[in-house]
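None of the figures in this text is laboratory data; all of them are computed from the coordinates on show. A quick note: this is a predicted structure, and the numbers were derived from the prediction, not measured. Glycine also receives a Cβ, built like all others from the backbone with ideal geometry; neighbour counts cover every protein chain displayed.
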Amino acid sequence: MSHDAVSTSRGGFPYPGFERHDRASPEQVGATAAHILASMPLLQQIMDVLPAAVMILNADRQIVFANAAMALLTGAASPQNLLGMRPGEAVGCIHARMC
């Protein structure tokens, strides 16, 4: 099946679920991030020693956790500055605002 056929068959966007524009509020993102860190206290320390960029997304594809390598990759001052962004927004993708 061609890309055009897939796009047409799904209402113009080829990936199911990505046509959603919903976002969690900053308060919800913050609460999710706090819950992740509270339930796994060593997560930030362990992930920050990894050389690879790591992020955890919520159901709305927003970053609710990022490590130091992800902040470095994106130019963010800290991983917390990435909370609430979508991955494409964080890395400066030109298509990030499409979905």
**OP:** Quickly run through region 23-43 and pick out the residues that are surrounded by fewer than 16 Cβ atoms within 10 Å (Cβ to Cβ) and part of a helix (DSSP H, G or I).
**Re:** Pro26, Glu27, Gln28, Gly30, Ala31, Ala34, His35, Ile36, Leu37, Ala38, Ser39
Original post:
Which one is nearest to Ala34 (Cα to Cα) among residues in region 62-81 that are among the aliphatic types (A, V, I, L, M) and within 8 Å of the chain's Cα centre (by Cα)?
Top reply: Val64
**OP:** Restricting attention to region 44-69, report how many residues are more than 21 Å from Gln28 (Cα to Cα) and either outside any loop (DSSP other than H, G, I, E, B) or in contact with a Ser or Thr (Cβ under 9 Å, 6 or more places away or on another chain) (or both).
**Re:** 7
Original post:
Residues in region 85-98: is at least one basic (Lys, Arg) and assigned to a helix (DSSP H, G or I)?
Top reply: yes
**OP:** Working only within region 79-99, note down all residues that are of a type in the set (D, E, K, R) and surrounded by 14 or more Cβ atoms within 10 Å (Cβ to Cβ).
**Re:** Arg86, Glu89
Subject >> Matching residues, region 64-99, being of a type in the set (Ser, Thr, Tyr) and under 17 Å from Pro51 (Cβ atoms) >> reply: Thr74
